[in-house]
Amino acid sequence: MSCPADDNDYMPQADHLPERGSLRPVLYWAVLTSAIVAVGCGSEAPESKALKAGSAQSVLRGKTLISQYQCGSCHTIPGVSDARGLTAVSLEGFGRRSYIGGRIPNQPSALSAWLVDPHSQAPSATMPYLAVSPADAMDMANYLGTLQ
């Protein structure tokens, strides 16, 4: 049995290397791909920033609406008085979650659509239809996004 270090078959030979000019497109794409990955890894999706940057007025309105729609009947929701429900998951730390209902990416537009009609997003969802308007849903999403 020979050691690969003893065997020069795995080493590229000068006569097998691509011509000098042919590496330029490969290097270009490698650098471009690396740059895209580096930028994407350190940043949040624009929508995610929008959820966190919801105006103070929208966040306060969302908190009030969550109380009015009686979300606390099923959910425990930090900051909402009498929101101590135990039949559904706690919404503590909701802004850090990756998914809504375990399957939908936690983004403001998706959360708003979920609040308007959860069954259109996930037919097997146990959350009831509450006739939440799109505007109310966005304010509620902004409040939930502050729960870190």
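The values are calculated or read from the model by the stated rules, or taken from the named source; none is laboratory data. All values derive from a computational prediction rather than experimental measurement. Neighbour counts are summed over all protein chains in view; Cβ atoms, including those assigned to glycine, are modelled from backbone coordinates with ideal geometry.
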Point to revise | Yes/no for I104 being modelled with pLDDT under 95 and in contact with a Phe, Trp or Tyr (Cβ under 7 Å, 6 or more places away or on another chain) | key: yes
Point to revise | Filtered residue count, the stretch 117-132, keeping only those that are over 25 Å from L86 (Cβ atoms) and surrounded by 15 or more Cβ atoms within 10 Å (Cβ to Cβ) | key: 0
Practice item. Kindly indicate whether P123 is modelled with pLDDT of 95 or more and either part of a loop (DSSP other than H, G, I, E, B) or within 22 Å of the chain's Cα centre (by Cα) (or both). Key: no
**Study point:** All positions within the stretch 122-148 that are more than 17 Å from K63 (Cα to Cα) and of a type in the set (S, T, Y)
**Key:** S124, T126, Y129
Check your understanding: Is at least one residue of the stretch 80-92 surrounded by 14 or more Cβ atoms within 10 Å (Cβ to Cβ), in the same structural domain as L130 (by TED's automatic domain parsing), in a helix (DSSP H, G or I) and touching a Ser or Thr at 6+ places or on another chain (Cβ under 8 Å)?
Key -> no
**Study point:** Whichever residue in the stretch 52-79 is in a loop (DSSP other than H, G, I, E, B) and either outside the structural domain of A137 (by TED's automatic domain parsing) or of a type outside the set (A, V, I, L, M, F, W, C) (or both) and, among such residues, is nearest to A131 (Cα to Cα)
**Key:** Y69
Point to revise | Leading residue by the ranking (surrounded by the fewest Cβ atoms within 10 Å (Cβ to Cβ)) among those in the stretch 105-116 that are assigned to a helix (DSSP H, G or I) and out of contact with any strand residue (DSSP E or B) (no Cβ under 8 Å at 6 or more places or on another chain) | key: S109
Review point. Would the stretch 97-104 turn up any residue that is assigned by TED's automatic domain parsing to the domain that holds H75 and within 21 Å of Q70 (Cβ to Cβ)?
Key: yes
Check your understanding: From the residues in the stretch 91-109 that are of a type in the set (G, A, S) and within 20 Å of L60 (Cα to Cα), which one is nearest to the chain's Cα centre (by Cα)?
Key -> G95
